[in-house]
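First the structure, in the form of C-alpha cells, and then the observations on it.
The values are calculated or read from the model by the stated rules, or taken from the named source; none is laboratory data. These numbers were taken from a predicted model, which means no experiment stands behind them. Here the Cβ positions follow ideal geometry from the backbone for every residue, glycine too, while neighbour counts run over all protein chains shown. The accessibility values were calculated without ligands, DNA or RNA, using every heavy atom of the protein model including side chains. Shrake-Rupley method; radii C 1.70, N 1.55, O 1.52, S 1.80 Å.
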Amino acid sequence: MRPNHSGTGTSRNRAISGLLACVAAASVVSASPLRAEEVPPFRLCADPTNLPFSSDSPSQPGFYVEIGQALAQALGRPIAYDWYKSYFGKRTVRVTLLGKQCDAMIGLPRSEDFMGPAVIFSSAFAREGYALVAAKGQVIGGVDGLRGKRVAVQFASTPQNLLASRDDIQKVTVLSPEEGMQALEQGKADVAFIWGPVAGWLNKTSYDDRYQIQLTEGEGLSWDAAIGFAKTSTELRDRVDAVLPQLQKTISELAVKYGLPTGQPVRFGAAQPVPAGTTTGMGTGPSVVQVANVVATEAKGDVKGDVKGDASAPNAEIVGAGKEIFNGTCAHCHGPDAVQSERKIDLRLLHHRYGDDMRDTFWKTVHEGRPSKGMPAWKEVFTDEQFDSIYSFLLTVQAESND
C-alpha cells in the first residue's frame with residue numbers, strides 16, 4: 001500500500017508560501033525607510049536670531065520659519081535649516097542661497113532690481129515696511145498729520161529723509177525700532193516712524209499692545225515680501241507658487257501671531273534717496289529689516305586723522321576703497337564711517353585698546369572672526385589687499401578714549 005503524502009505536501013507548500021510572504025513583507029518594511037530618505041528636504045535659509053521673522057528656537061520659530069514649515073508640509077518634504085545672520089544683506093544671499101546651501105529664502109523684496117537675474121521670486125505673500133506707531137485713537141493721514149509732533153525716526157532711514165525738510169515736524173533721531181518704542185514710552189516722542197514688523201512685535205511682546213501701528217506706503221517705505229530662489233530653481237518656485245494660495249489663511253494667522261501691522265496703509269509722498277553706503281532700515285537677507293546701529297550726525301566726536309606711531313598717512317585712494325567696503329559690509333554693526341556709540345564695537349577705539357598690537361588684532365579678527373561675539377570670518381570673502389584698504393580707512397578715524 002502506497003503511503004499518502006498529499007497532506008504533508010500541502011503543509012510544506014503552505015509553509016513555503018508563508019515564508020515567502022514574510023520575506024516579501026520584510027523587504028517592503030526595510031525598503032520604506034529608504035524611500036522616505038530619498039525625499040529631499042526643503043532647505044530654508046534663515047537668521048537664527050531675528051524675531052519676529054526667524055529664530056532657531058523651536059518654541060518661537062518666527063513668521064518666516066513657520067511659513068517655511070507650512071510650505072514644506074504642503075510640498076510633502078521634510079524641512080532643514082541653514083542658519084546664517086541676515087545683517088550681511090546681499091552677501092547673505094550670495095553665500096547661502098546662491099551658494100546652494102539652501103533652496104529658498106523667505107522675506108526677500110520682490111523686485112527685479114534685487115540681485116539682478118540671479119534670484120527669482122515667488123508670488124508676494126505679504127506687504128512689509130515702515131509704520132507709524134502712536135497712542136491708540138490718533139489718526140495720521142499722511143505727512144501733514146505729523147505737523148507739530150515729535151517724531152522718532154531711525155537714523156539714515158527713508159522716514160528720516162522724508163521728514164528732513166519739514167521744519168514744522170520735530171525729529172527725534174533713534175538708532176533702532178527698539179529705541180523708537182522707548183522714546184514713545186518715555187514721552188520723548190509723540191509718534192515713532194520706524195520699521196513696522198519689529199514695532200508690531202515689540203508692541204505685542206513688550207508693551208501690552210497699547211500702541212496703534214499703521215503701515216505706510218510710498219517710495220522706499222514698503223515692499224512686497226516674497227520667497228527667493230536661485231535662477232536654476234524654476235521648478236521648485238513654480239511648485240511653491242502653486243501651493244501658496246492654500247496657505248494664505250495660515251500666513252494671515254501667523255502675521256497676527258507675530259504682531260505684523262495690518263490694515264489700510266497711510267500714503268506718503270516721495271522721499272529723498274538715502275546716500276549710498278548707508279543702511280536704510282530694510283535688509284536684504286532672510287529678514288527685510290536691517291537697522292543701522294549708529295549715532296546721530298550731530299553727535300560729538302573726537303575723531304583724529306592719524307594715529308601715533310604710524311610712519312605715514314595712508315594713501316587717499318586706498319582709504320577711499322576701504323571706506324567703501326566698510327560702509328557696504330561692516331556699517332550694519334559698527335556704524336557708517338565707523339561712527340558707533342556702543343563702545344565695545346566702536347572701531348575708532350582700536351588703537352586706544354590695542355596700541356602697537358592694533359594691526360595684528362585687526363588682521364586676526366577679520367580673518368578668523370569671533371563667532372561667540374557674532375563677528376564672522378571674512379577670509380573667504382575679501383582679499384588681503386581689501387583688508388589692507390579697510391585697515392587704512394580705520395587708521396584715519398582713530399580717537400582717544402572719552403573715558
Karplus (6.51, -1.76, 1.60) ³J(HN,Hα), θ = phi - 60°, over the range 199-205, in Hz, Gly and Pro reported as x: 4, x, 5, 5, 4, 6, 9
Cleavage-rule hits, trypsin sites (Lys or Arg not before Pro), the range 173-219, DSSP coil, Cβ neighbours within 10 Å at most 10: 210
Total formal charge among the other residues, if their Cβ is under 13 angstrom from that of residue 83, Lys/Arg +1 and Asp/Glu -1: -1
Heavy atoms of residue 251: accessible area, 1.4 Å probe, square angstrom to 10: 10 Å²
Residue 170-residue 238 pseudo-label distance in nm [points 7 Å out on the Cα-to-Cβ vector]: 5.9 nm
DSSP bridge pairs, the range 43-160: antiparallel proportion in percent, nearest 5: 25 percent
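Count the net charge of all other residues whose Cβ sits under 15 Å from the Cβ of residue 57, scoring Lys and Arg as +1 and Asp and Glu as -1. Intermediate values should be presented prior to the final figure.
Details: positive: 257; negative: 47, 56, 66.
Around residue 57, the surrounding residues sum to -2.
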Placed amide H near residue 81: partners under 5 Å, 5+ positions off or other chain: 44
Backbone HN-Hα couplings from phi across the range 336-352 [Karplus 6.51/-1.76/1.60, Hz, Gly and Pro as x]: x, 6, 6, 7, 9, 8, 8, 4, 5, 10, 7, 6, 6, 9, 4, 5, 4
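Taking only protein heavy atoms and a 1.4 Å probe, what accessible area per residue, in Å², does the range 84-135 have with all protein chains in place?
37 Å²
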Built amide H within the under 5 Å cut-off of residue 123, gap 5+: none
From phi via Karplus (6.51, -1.76, 1.60), per-residue ³J(HN,Hα) for the range 62-79 in Hz, x at Gly/Pro: x, 4, 5, 5, 5, 5, x, 5, 5, 5, 4, 5, 5, 7, x, 10, x, 10
Inter-centroid distance (Cα atoms) of the range 222-263 relative to the range 164-211, Å: 27 Å
Entries in 90/231; 85/373; 90/257; 136/171; 90/344; 344/373 that, when Cα-Cα distance is taken, lie over 18 Å: 90/257; 136/171; 90/344
